[in-house]
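Undergrad: Okay, here's the structure, questions in a sec.
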Amino acid sequence: MWWLKNVHVVDPECTSIQVRDVLIQGDRILKISDSLTQEEALKQFGQNSQKGKADLKEIKVIDGTGKYLFPGLIDVHTHLREPGQEEKEEIATGARAALRGGFTTILAMPNTKPVLDQRALVEFVVLQGERAGAARVYPIGAITKGQSGKELTEMVDLASGGAKAFSDDGRGVQNAELFRLALEYVKLTGLPLISHCEDEGLAQGGSMHKGEVSARLGLKGIPSSAEAVMVARDLILAEETSGKLHLAHISAKESVELIRAAKKRGVDVTAEVNPHHLIFTDEALLDSEYNTSYKVNPPLGSREDQQALLGGVLDGTLDMLATDHAPHTWEEKMKPFGEAPFGIAGLETALAAVWTYLVKPGKLSVETLIKNWSLNPSRRFNLPGGAVQEGGIADVVLFDPERIEKVEPGWFASKSLNTPFLGRELQGFSSMVWVGGELRYQRDQDKIWQEINGVKVQRDIVKYRMNRRTIECLF
Ligand code: DOR
């Protein structure tokens, strides 16, 4: 039993914030109320327990003054790399990184090795997620076998195995007829189809956004049309089929316009934006000596793109924030810019980065943050949590808006540190995270998850010397 005192709570519809006392019993939120007396708290717990009364010794009291109690954030776009590329991330390390970042639920993309295109593989991810005992992990099944864009997977079978959506993320489905069919079939499952919008003909060989900066740096650019053309196609197909569509990592102003217009017409579409596209532009590459931590797909856009994306979040055109957590090894990311893989590891820094660069300066409200990173994802993907409300599941995060940490090697629970925030200070971090009423993470006591999971993980610091930089990595 938990009694969280004086916490800032966002209401379930994300319209206001109030200071409340919150009681948690079992896996549920028992009561949300104005400041409670000891007698009142005992009475509440007692009424709800089998014995008919509660003992003070059983209640853990936390003073949350100055902190928020957020509904656990839900990230609908993570790459966990297991099976097949465990040197980058495992399901367990990713699920722990999620907790540290304030996420109680994450959806794992299927571009693993092998691709999650069969029921047994989807079930493996579910099992590994349960074994990790950290954030809830749900798999996303592939749209096409091997993500080869040629033949559809058995979507109904994958859904029975636990898939919460379908995607070929990492690649767009190039064949329009196949994507149209997928939108038809997905209706049998009631789940959304997640589109990675990228026309490979237009994007081919590019490594950053095509524009003035790519011209100055002499790097081959990817035009905005590579995304927007496929956004337009997918919206037309969703309208024709009435299939449930979700657009991943929207990055271009043209795409925002297209989605806004489609929503006005009533198309069943939701869309997400990644923190890095809201915080950085392609100009970051000018100052960073070709730092591959900024290499991501879709690429960081122009200032106009950045403004359009924020506008899209503020007017509801873009419904969700999502990390696109894409861990890669240091060795791969130390390759020349054109050859390094696309991707930014985001689970542990995303919330703090959004807090530091958007919420603190007043560009984004706390209510919108929670709506986009918890409420909307839970509704669209039918996932637990999404709100702090009486009777609701106790997937919650005690969030400290004042806490400042420096992002350094050795700081991560993730196996990868390919983030542009490496070496920077960020503000706003989770203090404690509960999943189903169970405390699974407590900052400064990072061993808690290990005790719950019953597994001791031996990690060593390894020094890397590459490109004149010495980096310590944890393994
Ligand atoms: O930057 C990216 N990395 N974008 C994607 O779509 C895929 C991801 C990955 O899997 O590394």
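Undergrad: Of everything in the range 386-422, what is touching an Asp or Glu at 6+ places or on another chain (Cβ under 7 Å) and of a type in the set (G, A, S)? Give them in sequence order.
TA: Scanning the range 386-422 gives A394, G410, A413, S414, S416.
Undergrad: For R180, which of the numbered conditions (1) in contact (Cβ under 8 Å) with a residue 60 or more places away in the chain; (2) touching a strand residue (DSSP E or B) at 6+ places or on another chain (Cβ under 9 Å); (3) among the charged types (D, E, K, R) fails to hold?
TA: Condition not satisfied by R180: (2).
Undergrad: Which condition from (1) modelled with pLDDT of 95 or more; (2) in a loop (DSSP other than H, G, I, E, B); (3) among the polar types (S, T, N, Q) is the one that Q18 breaks?
TA: (2)
Undergrad: Quick check on K253: is it more than 30 Å from S416 (Cα to Cα), of a type outside the set (A, V, I, L, M), surrounded by 17 or more Cβ atoms within 10 Å (Cβ to Cβ) and modelled with pLDDT of 95 or more?
TA: The answer is yes for K253.
Undergrad: Pull up the range 166-201, narrow it to residues that are more than 16 Å from the ligand (Cβ to nearest atom) and basic (K, R), then point me to the one that is surrounded by the most Cβ atoms within 10 Å (Cβ to Cβ).
TA: Across the range 166-201, the extreme among qualifying residues is R180.
Undergrad: I need the strands (runs of 3 or more DSSP E) fully contained in the range 38-100, keeping only those with at least 3 residues that are surrounded by fewer than 24 Cβ atoms within 10 Å (Cβ to Cβ).
TA: Fully inside the range 38-100 and qualifying: 60-63.
Undergrad: Now a separate question. Name the helices (runs of 4 or more DSSP H) wholly inside the range 105-198 in which the number of residues that are at pLDDT 95 or above and within 26 Å of G346 (Cβ to Cβ) is 3 or more.
TA: On the way: elements: 119-132, 155-160, 176-185.
Correct list: 119-132.
Undergrad: Report yes if some residue within the range 361-375 is touching a residue at least 40 places away in the same chain (Cβ under 8 Å), within 16 Å of the ligand (Cβ to nearest atom) and small (G, A, S); otherwise report no.
TA: no
Undergrad: Same structure, new question: If a residue must be surrounded by fewer than 21 Cβ atoms within 10 Å (Cβ to Cβ), assigned to a helix (DSSP H, G or I) and of a type outside the set (A, V, I, L, M), how many such residues does the range 334-371 contain? Talk me through it step by step, then tell me what you get.
TA: Taking the range 334-371 first, the residues surrounded by fewer than 21 Cβ atoms within 10 Å (Cβ to Cβ) are 334-342, 356-368.
Keeping just the survivors that are assigned to a helix (DSSP H, G or I) gives 356-359, 366-368.
Then keep just the ones that are of a type outside the set (A, V, I, L, M); that gives 356-357, 367-368.
Selection size over the range 334-371: 4.
Undergrad: I need the full set of residues from the range 417-443 which are part of a strand (DSSP E or B), aromatic (F, W, Y) and closer than 28 Å to Y290 by Cβ, in order please.
TA: none
Undergrad: Could I ask something else about it? Restricting the first residue to the range 319-338 and requiring it to be of a type in the set (K, R), which pairs with a second residue that is within 14 Å of the ligand (Cβ to nearest atom) and in a loop (DSSP other than H, G, I, E, B) meet a Cβ separation below 6 Å and a spacing of at least six or different chains?
TA: Short answer, once both residue conditions are applied: K333/A340; K333/N418.
Undergrad: Still on this structure: Residues E90, E82: which one is in contact (Cβ under 8 Å) with a residue 60 or more places away in the chain and not aliphatic (A, V, I, L, M)?
TA: Selected residue: E90, the only one of E90, E82 that is in contact (Cβ under 8 Å) with a residue 60 or more places away in the chain and not aliphatic (A, V, I, L, M).
Undergrad: If you take the residues of the range 288-330 that are of a type in the set (D, E) and at pLDDT 95 or above, which of them is nearest to E89 (Cα to Cα)?
TA: Only one residue tops the list, namely D324.
Undergrad: If I filter the range 316-352 down to residues being out of contact with any Cys (no Cβ under 8 Å at 6 or more places or on another chain) and of a type in the set (F, W, Y), which single residue comes out as farthest from the ligand (Cβ to nearest atom)?
TA: Checking each candidate, the answer is F337.
Undergrad: Next question, about the same structure. Filter the range 296-305 down to residues that are farther than 21 Å from V76 by Cα and out of contact with any strand residue (DSSP E or B) (no Cβ under 6 Å at 6 or more places or on another chain) and give me whichever is nearest to the ligand (Cβ to nearest atom).
TA: D305
The values are calculated or read from the model by the stated rules, or taken from the named source; none is laboratory data. Everything numeric in this text was worked out from a predicted model, so none of it was measured. Cβ: placed from backbone, ideal geometry, glycine included. Neighbour counts: every protein chain shown.
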